[in-house]
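Structure first, commentary second.
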Amino acid sequence: MDMTACNVCGKIFGASSGSVCPSCRKLLNIVYDKARAYLRDHPKERVNAVDLAERIGEDERLVEILMLEGRFENRGEDAEESDDDKKRKQLLQDLQKNLASMPQKQHETGTYGSDRHGARREK
């Protein structure tokens with residue numbers, strides 16, 4: 001097993017669990033939950049690691065480590081849409097156009113059987 005130093009506290013540990021020791025991983029998860037809640041509550045706000053750490057009351061180094069790990073996805077106004085998102089939007093627009101152009105059919109109330117086999121004959 002390879003040994004490495006924790007990126008947060010510097011303690012030597014078995015590197016099988018990444019670059020952060022298990023005790024610091026728990027701390028990072030708590031910071032992540034706070035940061036995620038803040039970003040969820042302020043979706044339009046664009047912040048860097050220093051600003052985010054200040055707003056949630058945590059060490060900026062912890063927020064930077066989370067960002068380096070890729071735990072936050074950039075979905076601000078400047079972020080590019082993925083190809084899948086573009087395809088979904090296009091399909092939705094096409095569907096809405098098709099539905100709007102279809103003539104509205106007046107349905108008579110009836111059952112499946114009467115529609116399929118005609119009205120029931122009485123004896």
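Quick notes on this structure:
- Each principal axis of segment 31-100 carries a Cα extent, and these read 53, 21, 19 Å when sorted largest first.
- Phi-based couplings in Hz for segment 49-62 (Karplus 6.51, -1.76, 1.60; Gly and Pro marked x): 4, 5, 5, 5, 4, 5, 6, 9, x, 10, 5, 4, 4, 5
- Scoring 91-101, 55-65 by mean Cβ neighbours within 10 Å over their residues and listing the highest first yields 55-65, 91-101.
Coordinate-derived values only; no laboratory data. Fair warning: this is a prediction, and the values are worked out from it, not measured in the lab. Glycine gets a Cβ as well: all are built from the backbone with ideal geometry, and neighbour counts include every protein chain shown.
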